[in-house]
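*Asks:* Once you've had a glance at the structure underneath, I'll fire off some questions.
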């Protein structure tokens, strides 16, 4: 898919999420979080330093699983009837604060968005049979030019479209930079993993990820071949 189409499609996908009343909402990229961890993080953030009174809706999204947690965070004075007058030696009764994080139901449009970004986190790409492409995983590992050829090929596939989605999402939703995991399958059945490199702006081979068609890790060094490495075993 061409870049302009990818940008347009990503914008459309994000628009449903942004259609939710997010005037006072924040989207948090909660990498690897369970719901319990989202809840604990929300409570910690509500109880932390910051202005008082404070109230905000926050969505915690685990991109790898599509899990979403929505919480209303608020911070208030424990005794608002007493004026808070800072004291260097003690915390006056009027300055004591507390924070709370109340779980909320996640709107369907937000959950649909989370499901979409989960699908956009991984790309499965078959590598065409071509003289410039590796015939198997062993050639991929042995020849750096083959690794680069596969990386260049990926820029014309769904992998590039998905990466462009994440590049755009960084600006629209506040997500941190994200590299799509690309699982490539070579014509003989061998597999390997690629990731986007923001430094070179290319898809690069992930060292140690190549497996032959039987699922055996493919050795990458002389030590591996000799039996001293960790890639000579079937895992």
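*Asks:* In the set 108, 131, 103, 144, which member is over 13 Å from residue 191 (Cα atoms) and touching a helix residue (DSSP H, G or I) at 6+ places or on another chain (Cβ under 8 Å)?
*Replies:* Details: 108 fails: touching a helix residue (DSSP H, G or I) at 6+ places or on another chain (Cβ under 8 Å); 131 fails: touching a helix residue (DSSP H, G or I) at 6+ places or on another chain (Cβ under 8 Å); 144 fails: touching a helix residue (DSSP H, G or I) at 6+ places or on another chain (Cβ under 8 Å).
One residue alone meets the criteria, 103.
*Asks:* Another one. For the subset of region 36-55 comprising residues that are more than 23 Å from the chain's Cα centre (by Cα) and surrounded by 13 or more Cβ atoms within 10 Å (Cβ to Cβ), which member is nearest to residue 121 (Cα to Cα)?
*Replies:* Among those that are more than 23 Å from the chain's Cα centre (by Cα) and surrounded by 13 or more Cβ atoms within 10 Å (Cβ to Cβ), it is 46.
*Asks:* Take residue 118 and decide whether it is within 30 Å of residue 183 (Cβ to Cβ), out of contact with any helix residue (DSSP H, G or I) (no Cβ under 7 Å at 6 or more places or on another chain), at pLDDT below 90 and assigned to a helix (DSSP H, G or I).
*Replies:* Spelling it out, residue 118 is indeed within 30 Å of residue 183 (Cβ to Cβ), out of contact with any helix residue (DSSP H, G or I) (no Cβ under 7 Å at 6 or more places or on another chain), at pLDDT below 90 and assigned to a helix (DSSP H, G or I).
Conditions (1) touching a strand residue (DSSP E or B) at 6+ places or on another chain (Cβ under 7 Å); (2) under 25 Å from residue 62 (Cβ atoms); (3) crowded, with 18+ Cβ neighbours inside 10 Å, marked per residue:
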residue	(1), (2), (3)
142	no, no, no
153	no, no, yes
159	yes, yes, yes
164	no, yes, yes
178	no, yes, yes
183	yes, yes, no
194	yes, yes, yes
198	no, yes, no
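*Asks:* Let me ask something else. Which of the residues spanning region 90-140 are without any contact (Cβ under 8 Å) to a residue 40 or more places away in the chain, within 30 Å of residue 50 (Cα to Cα) and over 30 Å from the mean Cα position of the chain (by Cα)?
*Replies:* Correct list: 90, 91, 92, 93, 94, 95, 96.
*Asks:* Here is a further query. Check whether at least one residue in region 146-161 is assigned to a helix (DSSP H, G or I), over 27 Å from the mean Cα position of the chain (by Cα), modelled with pLDDT of 95 or more and outside the structural domain of residue 26 (by TED's automatic domain parsing), and report yes or no.
*Replies:* yes
The values are calculated or read from the model by the stated rules, or taken from the named source; none is laboratory data. All of these numbers come straight from a predicted model, not from anything done at the bench. Virtual Cβ from ideal backbone geometry, glycine too; neighbours counted across all protein chains shown.
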